[in-house]
Each structure stands twice: as C-alpha cells, then as structure tokens.
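Colleague: Before I ask anything, here is the structure I am working with.
The values are calculated or read from the model by the stated rules, or taken from the named source; none is laboratory data. Remember, it's a predicted structure, so these values are computed and weren't measured experimentally. Here Cβ is always computed from backbone atoms with ideal geometry, including for glycine, and neighbour counts include all displayed protein chains. Quick note on the areas: whole protein, heavy atoms, side chains included, nothing else; ligands and nucleic acids left out. Shrake-Rupley method; radii C 1.70, N 1.55, O 1.52, S 1.80 Å.
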Amino acid sequence: QIGGNTFVVSSILIKSLFFIASKCREKPIRTEAINYLRSMSRREGIWDSKVTSTFATAIMELEESDESGLIPEHRSLRAIKTTFDLRKRQGKLRFGRQQWIQDP
C-alpha cells in the first residue's frame, strides 16, 4: 500500500466486481458492485478500480431501458476495444450491441 492506494499483482477482486457490474441484469446488484469499485483506491495488475467503476457506470446507463430495474438481454453491450493509460488512471472503451436472433 502506497499513499492510500493498494497495488496487487493478482486481479481477482476488481475483475470480478467489474464482471458483475457489467453483466448482471439486476440494477441493485450492479449498482452495489459499482459502488464497491468506486469506494476502493486499488489497482490489480492492469485493473484499476476507479477506471473500471467509470466503465461499468457508462455501460449500465446505456443498457438501462426502464424503471423496472431489469435490463433486457437485447440491450446488452459487449466490449470491442479497450485502451488504458495506467499512469493517468484513464481508459477508453469502445462497445457495441450484440445482434440477437428472435424466433419467428
């Protein structure tokens, strides 16, 4: 731990919380995972808690479609390209929607 920040070589905690925040279909669970990421000042390899909380928030906001708290599967986003600047703790995320085939 250096100056209130934690650096860890393994990447299980942040990666797991990001997966939950970006893939879970239930808003309260996603929000809690994002809040955990945002409250940390932690870096695990290339995974930075602040950057991933920002990415997950953007994904959640784009996927939300109504007030029910459930996100329909057809609004799901997938990452196309990510870039990180670890020194500046910034990143860019390009994403798109998956094409879903509906039954006739």
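Colleague: Which of the residues belonging to the stretch 28-50 are open to solvent by 70 Å² or more (accessible area, probe 1.4 Å) and in a helix (DSSP H, G or I)? Give the steps one after another, and end with the answer.
Modeller: At the first step, the residues of the stretch 28-50 found to be open to solvent by 70 Å² or more (accessible area, probe 1.4 Å) are 28-29, 32, 35-36, 38-39, 46, 50.
Matches in the stretch 28-50: PRO28, ILE29, GLU32, ASN35, TYR36, ARG38, SER39, LYS50.
Colleague: Out of ARG42, ARG75, I need the residue that is at pLDDT below 80 and among the basic types (Lys, Arg). Which one? Don't jump to the end; show me each part of the working.
Modeller: Values: ARG42 fails: at pLDDT below 80.
After applying the criteria, what remains is ARG75.
Colleague: Give the number of residues within the stretch 90-104 that are open to solvent by 50 Å² or more (accessible area, probe 1.4 Å) and modelled with pLDDT of 70 or more.
Modeller: Taking the stretch 90-104 first, the residues open to solvent by 50 Å² or more (accessible area, probe 1.4 Å) are 90, 92, 94-95, 97-104.
Filter once more, so that each one left must be modelled with pLDDT of 70 or more: 90, 92, 94.
Number satisfying all stated conditions: 3.
Colleague: Looking at SER65, SER53, which is the one that is hydroxyl-bearing (Ser, Thr, Tyr) and either modelled with pLDDT of 65 or more or not in a loop (DSSP other than H, G, I, E, B) (or both)? Spell out how you get there, then give the answer.
Modeller: Working: SER65 fails: either modelled with pLDDT of 65 or more or not in a loop (DSSP other than H, G, I, E, B) (or both).
Of the residues listed, the single one that is hydroxyl-bearing (Ser, Thr, Tyr) and either modelled with pLDDT of 65 or more or not in a loop (DSSP other than H, G, I, E, B) (or both) is SER53.
Colleague: Does any residue in the stretch 38-66 that is farther than 18 Å from GLU26 by Cα and free of Cβ contacts under 8 Å to residues at least 40 places away in the same chain come within less than 6 Å, Cβ to Cβ, of a residue that is open to solvent by less than 60 Å² (accessible area, probe 1.4 Å) and among the aliphatic types (A, V, I, L, M) six or more places away or on a different chain, and which pairs are these?
Modeller: Filtered contacts from the stretch 38-66: GLU44/VAL8; GLU44/ILE14; TRP47/ILE14; SER49/ILE14; SER49/LEU37; SER49/MET40; THR52/ILE14; THR52/LEU37.
Colleague: Given the conditions (1) at pLDDT 85 or above; (2) crowded, with 18+ Cβ neighbours inside 10 Å, report the number of the one that PHE19 does not fulfil.
Modeller: It fails just one condition, (2).
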